[in-house]
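Scroll down for the structure; my scribbles are underneath it.
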Amino acid sequence: MSNDNIKVGTKAVWAGEKEYLVHGATQVPVVLSVAYNYDDMDEWYDVAIGKKKGHIYGRNTNPTVQAFEDKVKILEGAEAATSFSTGMAAISNTLSTFLLPGDRIVSIKDTYGGTNKIFTEFLPRQQIEVVLCETGNHEAIEAEVAKGCKVLYLETPTNPTVKITDIERMAKAGRDAGALVIVDNTFGTPINQNPLSLGVDLVIHSATKFLGGHADALGGVVCGSHELVEKIYHFREINGATMDPMAAYLTLRGMKTLHLRVRQQCANAMALAKYLQSKGLVEDVYYPGLETHPNHEIAKKQMKDFGGMLSFAVKGGVDTVRDLLPKLQFANRAANLGAVETTVGPARTTSHVECTSEERAAMGIPEGLIRVSCGIEDIEDLIADFEQAFQHVENALQV
Ligand SMILES: *Cc1c(COP(=O)(O)O)cnc(C)c1O
């Protein structure tokens, strides 16, 4: 069977592992060795110059790490993938591979907080012009891209207000302008969305989130053509933001259940979003699966399901957030997302902690915004948990 005919769940379980199995083991080994032994000097040389397959030194390649890269690559339908110590390393190394002083990059205002810092703090320091457009304003992005740029960088859905950008339309705009189009697919996951099939050049994941899924390993990965990924790999192997083999193993293991987890997370997010819409204390619910979401139709077109992330704004702002969140029994109040446990947090302490309240306001992020990363719990328990927490806050308001 060719890979094209195999369904995504089967790929999540089986893909990318076979060639790394040894001693008849059914699981990929964690190879901790930093270096590799060669008796044959000619073979050593051939591997070192990339003429022959093999490994030389752990900063460059490692079998466990490669198995992880292969699985992601197959799930994203890419020719190649290379991995990193974190998602931010994947983003910064990829941008540094292609951007030089004098270049111009177009992106959106709502990218992940760390990515936004690269755009506002670090790239300008290297004389790289950064243009951040209103997220969701496709015409504005197209106009800026048409003026010429080296890179068009997108994230969809975005963190934390889950805004949607039309990937296919933006890929065309980028292509017409000769720009490299990069999409951060962390929120989308390869289960719900494959940006490469919509025409983009590179897809990035924070593997720390949904791919690993258990909040116990950091990692990042970028997928695309052999040619582009080879360049990024070269930057990373020299600059050294290499993924750790143990993290690669944990993420690989997590990915075997990616399709099951994401399916349950999407169902939970949809049900929780609808429940939150019915609550008097809730001002707004942000979830691309809701018909009230401004870009619901685009989401429907480019995503198989709407993802496990949602956010909502409460009346009373920070004070309500402070009362509500500690009452939740089945949610970690933490900065992470994409894990099997439901995780909640205000944008001001999670995704956008690096920003000032003025900067957050300019990005349309209310101080009373709560981000929810739905876990795989039973939805009845999640809703009951939110219900008792709301009751507590409502009762306190009445006395
Ligand atoms: C977390 C996250 C990142 C950064 O990943 P790390 O693994 O924490 O470095 C990048 N993009 C998005 C959308 C994220 O959620």
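Since every read-out is calculated from the coordinates, none of them should be taken as a lab result. All of these numbers come straight from a predicted model, not from anything done at the bench. So basically every Cβ, Gly included, is an ideal-geometry build from the backbone, and we count neighbours across all protein chains shown.
Taking the Cα atoms only, what angle lies between the long axis of helix 87-98 and the longest principal axis of the chain, rounded to 10 degrees? Helix 87-98 and the main axis of the chain meet at about 60 degrees. Here is the list for the stretch 77-179: trypsin sites (Lys or Arg not before Pro) lying in DSSP coil, each with at most 14 other C-beta atoms within 10 angstrom of its C-beta, are K147.
How about the stretch 248-301: which GluC sites (Glu not before Pro) there lie in a loop by DSSP and see at most 10 other Cβ atoms within 10 Å?
Working: sites: E283, E291, E297; in loops: E291.
Passing sites in the stretch 248-301 are E291.
Where both bridge residues fall in the chain, DSSP classifies roughly 60% of the beta bridges as antiparallel. When you restrict to C-alpha pairs under 8 Å that are six or more residues apart and normalise by the size of the chain, the relative contact order lands at 16 percent. Residues in the stretch 369-383 carry Karplus couplings, in order, of 7, 10, 8, 10, 9, 6, x, 9, 4, 6, 4, 4, 6, 5, 5 Hz; the curve used is 6.51 cos²θ - 1.76 cosθ + 1.60 with θ = phi - 60°, and Gly or Pro positions show x.
Among M303, M309, M41, M88, sorting on how many other beta-carbon atoms sit within 10 Å of each Cβ, with the fewest leading, yields M41, M88, M303, M309. Note on the stretch 322-399 and the stretch 141-177: Cα centroid distance 29 Å, given to the nearest whole angstrom.
More than 25 Å apart: what percent of Cα pairs in the stretch 84-235 qualify? Please report the intermediate quantities before stating the final value.
Working: 2269 of 11476 pairs.
Every Cα pair in the stretch 84-235 considered, those over 25 Å come to 20 percent.
For the chain, a Gaussian network of Cα nodes joined below 10 Å ranks N192, N93, N137 by mean-square fluctuation, and the top entry is N137.
Would you mind computing the Rg to Rh ratio of the chain from its alpha-carbon coordinates, Kirkwood style for Rh? Walk me through the numbers on the way to the answer.
Values: Rg = 21.6 Å, Rh = 21.8 Å.
Taking Rh as the inverse mean 1/r over Cα pairs, Rg/Rh reads 0.99.
Straight-distance candidates among the lysines for linking to K256, with alpha-carbon spacing under 18 Å and chain neighbours fewer than 8 residues away dropped: K7, K11, K18, K71, K73, K209. Taking 0.36 nm per residue of sequence separation and removing the Cα-Cα distance, the Y57/Q277 pair yields an extension gain of 73.9 nm. Between Q127 and N395, the FRET efficiency from the beta-carbon distance, with R0 = 45 Å, is close to 0.20. Axis of helix 63-76 versus longest Cα principal axis of the chain: the two differ by about 60°, to the nearest ten degrees. Of the GluC sites (Glu not before Pro) in the stretch 1-107, the ones in a loop by DSSP (not H, G, I, E or B) with at most 15 other beta carbons within 10 Å are E79.
The fraction of Cα-Cα pairs per 10 angstrom bin, counted from 0 for the stretch 258-398, comes to 12, 43, 36, 8, 0 percent, rounded to whole percents.
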